[in-house]
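Please read the structure below before turning to the comments.
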Amino acid sequence: MEKTHIIAIIIALIAVAGGAAVFLMTQGNGGDNKTPDTPDNPDNPDTPDNPDVPDPPVIPDKPLEKIALSIFGNANEDYVIDQKDVDIIQSLIGTSGGQHPYADADRDGKITSEDVSIVKKIIAGEKTTVMLVDQHIYDTGEMNIVSVNYPLENFVAINPDMVQMTFVFDGDEKMAGYIANQSSYEVTFSKADKNGFTRCLGTSPRAISQPEWTAFKNLDAELYSKGQSVGGILAYNETALGDYKDDIAKIGIPVIYIRCTDPVYSVDGALLIGTLLGPGYAKKAYEFSQDCREVIENVDKAINGLSDDKKIKFVALCMWCYMSQHESQYTKIGLQSGGIDEANLPGNSSSKLEGPEAITTYNGKIDYILNCRTCDFVNVDPVSLWDNSKIDILRKSSEFENMFFLNMSLPTACRVLYTVSMFYPDIIGVAEADAFFQKIVDKYLTYLNSTVESGHFNVKTDVMTICTYQDYLDVKGEDNPDDIVSDIDPKALAERFYSVMKDDLAAYSYAPYNLSEDNNSQTASVISEGSTYYAKYTLMENPKEAYEVLKAQYAAKVGTVSRVGGICTEIPYTTELTEGYGYYVNSDIEDVNDVKKLGNMYYAGYIDKCLVEIHFVKKPELAMEDIEKLIFATYPVSSGKSAKSWAEAFDLSKLSQYSGAPYAVTADSNDSFAKIADSENKRYIAIDASAGAAENFKKTKAEYMEKGNNFVLDTAGYDDGYGIGALRTPNAMQFHMVYFAGLKDGCFIDVVLRIDSGEYTASDAEQILKAILGAEPA
């Protein structure tokens with residue numbers, strides 16, 4: 001059986017700049033500062049014997065550095081091995097490679113036709129030996145050069161993230177076995193578990209232990225009996241090999257170290273492994289890596305322009321209540337998402353929080369707690385997360401309600417995007433994170449479609465991505481038997497807001513906006529695509545307390561410069577809420593690292609036992625009329641019109657043919673409510689100009705829509721409305737009833753009329769509606 005081996009080349013760390021290490025490796029002509037065409041010849045004028053003639057410039061070979069696709073033969077150091085590399089290598093034959101250290105495909109120190117042959121075989125998917133630099137350098141500072149048989153066959157993956165990483169390019173087809181905690185990834189691993197080829201060698205999460213080693217040896221022996229072998233082991237680091245590193249080296253199985261949990265390096269890792277499997281896999285891996293690279297670069301552009309005082313401060317947790325150290329995979333998600341690790345603990349592991357003070361020490365210093373949980377590709381009940389006793393120690397944190405759970409089963413780039421949507425929702429929203437994740441599923445993880453009844457895996461409904469405290473409250477609100485009793489109806493307010501703003505919201509960011517499917521008697525909202533922006537109404541025992549917390553946050557923003565430029569300014573408009581406060585900001589910079597100019601606003605208030613919150617973004621800005629309408633739509637304000645004046649301006653002669661005539665304005669009419677009624681006060685035109693007009697309209701409209709009718713009225717001229725005409729024939733009698741509920745400029749118009757004439761049409765009733773509009777005071 002042909003065996004391959006690992007060559008470890010230790011190189012010197014010569015510079016550290018910008019937080020990144022730069023590594024050099026001596027090669028080419030060594031250290032003698034001579035070019036091949038400058039021999040040590042006394043007859044040559046360009047020698048120290050002729051000091052007046054300057055020496056020719058010395059162009060040293062380019063040092064070997066880690067690149068994304070670090071396979072020798074990738075001469076131009078891009079993301080694919082193709083004919084361009086062949087052309088470069090052919091042009092370098094007879095040299096040491098010069099500025100193309102990766103042109104030396106066989107690593108023999110010179111460029112020959114054999115290097116060309118190797119690259120052509122890689123392109124064609126034919127068998128050869130491939131040399132590569134893996135990602136061990138990020139652990140040890142040592143350049144680790146590995147030799148493997150190409151195409152890579154029968155590899156073994158250690159670590160759940162390593163296993164999942166291969167799925168995006170169908171690498172499980174070449175994965176003979178894996179070592180990972182299978183039970184935590186039942187849906188995620190179904191691609192490998194059901195392919196009829198891959199086997200689970202053990203359930204140790206991230207390392208080889210004795211049972212896994214036995215299973216591994218059995219697999220290797222089985223393959224050997226078929227004339228095959230384990231082509232390589234994919235491991236995160238040497239720790240993943242447990243006590244068996246030396247045994248693996250003796251067998252001669254190459255180990256390729258890949259930082260599969262790192263949000264950036266894992267993308268390069270996918271490209272590297274996909275390329276090693278052959279052309280078809282390489283193509284998928286390239287497309288996946290480009291998609292991820294693009295979104296990560298966009299995140300970098302958006303957040304790199306932020307000064308530290310504008311960046312989110314966080315701590316990262318794992319295993320419910322373990323604090324992650326600065327170099328751990330969990331903290332790196334927050335760092336890549338533009339956050340500042342307030343804990344900044346040295347190391348790449350985690351430690352359990354011992355005592356409440358371990359988390360309260362960060363009170364007032366952080367904005368978010370990032371709690372990382374492996375949740376598979378399934379939905380998770382928020383109650384099971386937030387009511388878990390293992391996080392009781394966290395409840396003393398001032399930012400407990402600003403904690404969010406992140407599903408670590410997601411692809412690494414998706415983890416970053418969802419975290420950014422929490423840290424900087426005005427830069428990247430949940431809707432964008434959902435869209436990218438859905439793209440990854442639809443292009444690279446289509447096997448997930450077979451795991452749901454609908455046949456199409458929907459990232460919004462079929463998997464938990466992030467889980468916030470509000471998600472928890474929403475669920476508890478539905479199941480809580482102790483509902484808050486209030487005169488305020490959250491659903492009615494949300495529906496009113498949607499009715500008033502529906503057309504306008506189409507021009508707002510993250511459209512479309514809709515009434516939430518989860519609206520109920522306790523909480524209701526109008527939400528954007530992805531639920532990042534909203535108008536939200538929530539019943540609670542003490543909304544004033546919740547409001548004061550929000551008001552303090554908003555007041556602290558007023559007068560400061562936002563992350564995207566512009567001064568945060570207090571909103572000047574008021575409503576009939578008991579109290580309300582908010583701010584808005586329009587970016588005053590045309591372009592901040594490709595982030596387009598936008599307007600952003602927050603507002604909160606309360607009335608009775610209802611907390612009101614709104615948050616909206618519009619590009620390129622929010623005009624004052626936009627803000628005024630949003631505030632008006634949030635909660636009714638008195639229309640400013642006099643209901644009594646409106647009633648008194650109505651031409652009463654229009655009602656002379658209706659039953660109960662003559663009609664008159666009732667004595668108790670006032671500016672808030674007025675009625676034109678018949679002599680029995682049974683039929684009427686009522687005008688409601690109070691703050692509750694919109695809610696009263698909604699209820700009455702719903703009532704009239706339940707009535708049978710002979711015709712429906714045209715409500716042109718009203719902001720909203722519904723009206724009918726109905727023929728009634730009780731006890732051989734015959735008459736028509738007219739019912740109408742309309743909303744006009746914040747006022748509710750209610751019409752109940754009867755006419756005993758046998759001939760009555762929709763046009764007749766519509767004349768009354770027009771006459772009401774004609775009487776509206778200016």
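Could you sort the peptides 249-255, 581-587 by per-residue average Cβ neighbour count (10 Å cutoff), highest mean leading?
Packing proxy ranking, top to bottom: 581-587, 249-255.
Per the helix-only calculation at 222 nm, which mean residue ellipticity applies to the chain, given -39500 (n - 2.57) for every DSSP H run of n ≥ 4 and division by its residues, nearest 500 deg cm²/dmol?
The helix-only estimate for the chain comes to -9000 deg cm²/dmol at 222 nm.
Once the piece of chain linking Asp719 and Tyr573 is laid out straight, how much longer is it, given 0.36 nm per residue of separation minus the C-alpha distance between them?
Additional length available on full extension: 50.4 nm.
Please turn the phi angles of segment 288-303 into ³J(HN,Hα) values with the Karplus equation 6.51 cos²θ - 1.76 cosθ + 1.60 (θ = phi - 60°), one per residue in order, whole Hz, x for glycine and proline.
Coupling constants for segment 288-303: 5, 5, 5, 4, 5, 4, 4, 6, 5, 5, 5, 4, 4, 4, 5, 9 Hz.
Given a cut-off of under 8 Å on Cα pairs at least six residues apart, what relative contact order in percent is computed for segment 624-744?
18
Could you work out the mean projected area of the convex hull around the alpha carbons of segment 693-778, in square nanometres to one decimal?
The directionally averaged projection comes out at 5.7 nm².
So how do 685-691, 430-436, 82-88 stack up, highest first, on mean other-Cβ count within 10 Å?
685-691, 430-436, 82-88
Using unit Cβ charges (K, R positive; D, E negative) and no other charged atoms, how large, in debye to the nearest 20, is the dipole of the chain about its Cα centre?
That gives the chain a dipole magnitude of about 1360 debye.
Give me a comma-separated list of calculated 3J(HN,Hα) values for segment 739-747, in order, Karplus coefficients 6.51, -1.76, 1.60 applied at θ = phi - 60°, integers in Hz, x for any Gly or Pro.
Running phi through 6.51 cos²θ - 1.76 cosθ + 1.60 with θ = phi - 60° gives 10, 8, 10, x, 10, 9, 6, x, 9 Hz.
Using a 1.4 angstrom probe, figure out how much accessible area the chain has per residue, in square angstrom, rounded to the nearest whole.
43
Looking at segment 55-114 from every direction and averaging, what is the projected area of its Cα convex hull in nm²?
Projected area, direction-averaged: 4.4 nm².
I want to make sure I understand the PRE zone here: with the label point 7 angstrom from the Cα of Ala649 toward its beta carbon, which residues in segment 674-696 have backbone N atoms less than 15 Å away?
674, 687-689
Provide the gained length on full extension for the span Ser91 to Ala771, in nm with one decimal, where the gain is 0.36 nm per separating residue minus the Cα-Cα distance.
So the chain would gain 235.9 nm between Ser91 and Ala771.
Rounded if a/c is under 1.5, else prolate if a/b beats b/c, else oblate: with a ≥ b ≥ c from the C-alpha gyration tensor eigenvalues square-rooted, which is segment 600-727?
The shape class here is prolate.
Any idea which of Ala535, Ala623, Tyr602 is furthest toward the positive side of the dipole for segment 530-657, if Lys and Arg beta-carbons carry +1 and Asp and Glu beta-carbons -1?
Value: Ala535.
Place the peptides 571-580, 101-110 in order of packing, highest mean first, counting for every residue the other Cβ atoms within 10 Å and averaging per peptide.
Going from most to least packed, we get 101-110, 571-580.
Label Ala249 and Lys544 with points 7 Å out from Cα along Cα→Cβ: what is the distance between them in nm?
So the label points at Ala249 and Lys544 sit 7.2 nm apart.
Placing +1 on the Cβ of each Lys and Arg and -1 on the Cβ of each Asp and Glu in segment 149-218, which of Gln164, Trp213, Tyr178 has its Cα farthest towards the positive end of the resulting dipole?
My answer, from the dipole projection, is Trp213.
Take the Cα atoms of the chain, build their convex hull, and give its volume per residue in Å³.
Cα convex hull per residue, to the nearest whole number: 232 Å³.
According to a simple spin-label model (label point 7 Å from Cα along Cα-to-Cβ), what is the distance in nm between Ile67 and Lys699?
7.3
Can you classify segment 648-722 as rounded, prolate or oblate using the Cα gyration tensor, where a ≥ b ≥ c are the square roots of its eigenvalues, rounded means a/c under 1.5, and otherwise it's prolate if a/b beats b/c and oblate if not?
oblate
What number, in percent, do you get for the relative contact order of segment 211-358 if the mean sequence gap of Cα pairs under 8 Å and at least 6 apart is divided by its residue count?
15
Expressed as a rounded percentage, what relative contact order does the chain have, with Cα pairs under 8 Å and six or more residues apart?
Computed value for the chain: 7 percent relative contact order.
Would you grab the residues whose amide H sits under 5 Å from the one on Val255? Only those 5+ places off in sequence or on another chain, please, with H modelled 1.01 Å from N.
So Val255 has HN proximity to Ile233.
Using 0.36 nm per residue of separation minus the Cα-Cα distance, give me the extension gain between Val712 and Thr214 in nm, one decimal.
171.4 nm
Show the residues, 5+ positions off or on another chain, whose built amide H is closer than 5 Å to the amide H of Leu622.
Correct list: Gly599, Asn600.
Report the calculated FRET efficiency for Asp483 and Met733 (r = Cβ-Cβ distance, R0 = 45 Å), to the nearest 0.05.
Working from the Cβ atoms, E equals 0.50.
Using unit Cβ charges (K, R positive; D, E negative) and no other charged atoms, how large, in debye to the nearest 20, is the dipole of segment 403-545 about its Cα centre?
580
Kirkwood hydrodynamic radius, segment 326-431, all distinct C-alpha pairs: what's the number in Å?
14.7
Classify segment 485-581 as rounded, prolate or oblate from the Cα gyration tensor: take a ≥ b ≥ c as the square roots of its eigenvalues, call it rounded if a/c is under 1.5, otherwise prolate when a/b beats b/c and oblate if not.
oblate
Can you send over the carbon and sulfur percentage of the accessible area for segment 479-586, probe radius 1.4 Å, protein chains only?
That fraction is 47 percent.
Can you list residues from other chains, or at least 5 along the same chain, whose modelled amide H is less than 5 Å from the amide H of Asp367?
Counting only residues 5 or more places away or on other chains, the set is Lys313, Phe314.
I'd like the accessible area for Lys551, computed on protein heavy atoms only with a 1.4 Å probe and all protein chains in place. Round to 10 Å², please.
Roll a 1.4 Å probe over it and Lys551 shows about 70 Å².
Would you mind pulling out the separation of the Cα centroids of segment 263-341 and segment 598-641, in Å?
After rounding, the separation between the Cα centres reads 36 Å.
Given labels modelled 7 Å from the Cα in the Cβ direction, how far is it in nm from Arg395 to Lys283?
The two pseudo-label positions are separated by 5.7 nm.
Apply the Karplus parameterisation 6.51 cos²θ - 1.76 cosθ + 1.60, with θ equal to phi minus 60°, to every residue of segment 398-413 and state each ³J(HN,Hα) to the nearest whole Hz, in sequence, with x for glycine and proline.
5, 10, 4, 6, 9, 7, 9, 8, 10, 6, 7, 7, 5, x, 4, 5
Just the projected area, averaged over all directions, of the convex hull on the alpha carbon atoms of segment 209-353: how many nm²?
11.5
I'd like the carbon and sulfur percentage of the solvent accessible area for segment 60-107, probe radius 1.4 Å, heavy atoms only, ligands and nucleic acids excluded.
Looking at segment 60-107 in its full context, I get 52 percent from C and S.
The values are calculated or read from the model by the stated rules, or taken from the named source; none is laboratory data. These figures come from a predicted structure and were not determined experimentally. Cβ sites come from the backbone with ideal geometry, for glycine too, and all protein chains shown count toward neighbours. All accessible areas refer to the heavy atoms of the entire protein, side chains included, with ligands and DNA or RNA removed. Shrake-Rupley method; radii C 1.70, N 1.55, O 1.52, S 1.80 Å.
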